[in-house]
1. Output the strands (runs of 3 or more DSSP E) that fall wholly within the range 82-163 and possess 1 or more residues being buried (at least 18 other Cβ atoms within 10 Å of the Cβ), or say none.
2. Show the residue pairs meeting these rules: Cβ distance below 9 Å; 6+ apart or different chains; first residue within the range 129-143 and modelled with pLDDT under 85; second residue part of a loop (DSSP other than H, G, I, E, B).
3. Please tell me if residue 38 is touching a residue at least 12 places away in the same chain (Cβ under 8 Å), within 23 Å of residue 121 (Cα to Cα) and surrounded by 13 or more Cβ atoms within 10 Å (Cβ to Cβ).
């Protein structure tokens with residue numbers, strides 16, 4: 001067994017062939033999506049697992065411009081190798097490689113929808129992004145979790161939906177910033193608002209996308225590692 005980060009055309013063609021065979025046999029059609037990107041798969045952001053000379057599992061992914069986030073675009077394991085842990089080995093190897101580059105988050109949307117049970121076994125969580133797709137994400141590092149206390153701490157970051165009732169006094173989520181030893185990672189988009197308060201003084205309050213202290217180009221997550 002070998003993990004290949006610099007896959008060549010032979011690996012790509014092997015995958016293309018068994019995906020096509022599975023499609024012809026009435027299995028889920030992963031072939032069409034794969035074939036649509038075949039011209040770029042062997043160049044970068046593509047990793048595969050090889051057993052006995054054959055590429056039997058693969059992941060195609062994209063990194064955000066700041067390399068903090070990884071979007072899994074395509075992933076599949078050959079039918080006869082499923083349920084044997086090969087996909088998990090490939091994913092975990094990729095995660096360790098991406099963490100060395102500063103990546104802290106991985107996410108994807110489930111197609112077909114039934115695949116979410118597979119990703120859930122690998123610690124992905126479902127989140128609502130405002131569209132009809134089933135999105136799931138997985139922090140790659142330990143994160144600071146929201147406090148469950150009702151009283152607002154002296155220093156905190158608050159997150160709430162900007163639509164409907166104003167929730168400045170009662171936000172949906174609050175992170176206690178007594179010490180930011182772990183990053184804050186949470187699904188959100190530009191319909192949400194953030195408020196940063198330090199020692200009782202409001203430092204910033206604005207929509208997520210325009211936040212100066214959430215340094216990421218993502219529209220789906222806030223990622224705050226320093227203030």
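The values are calculated or read from the model by the stated rules, or taken from the named source; none is laboratory data. Since this is a predicted model, take the numbers as computed values, not measurements. All Cβ positions, even for glycine, are placed from backbone atoms using ideal geometry, and neighbour counts span all protein chains on display.
1. On the way: elements: 105-109, 125-127, 135-139, 156-161.
Counting at least 1 such residues, we get 105-109, 135-139, 156-161.
2. What qualifies is 129/189; 129/219; 129/220; 130/189; 130/191; 133/110; 133/111.
3. Against the criterion (touching a residue at least 12 places away in the same chain (Cβ under 8 Å), within 23 Å of residue 121 (Cα to Cα) and surrounded by 13 or more Cβ atoms within 10 Å (Cβ to Cβ)), residue 38 does not qualify.
Results for (1) under 21 Å from residue 81 (Cβ atoms); (2) at pLDDT 90 or above; (3) in a helix (DSSP H, G or I), shown as yes or no for each residue.
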position	(1), (2), (3)
3	yes, yes, no
14	yes, yes, yes
20	yes, yes, yes
28	yes, yes, no
40	no, no, yes
43	no, no, no
60	yes, yes, no
65	no, no, no
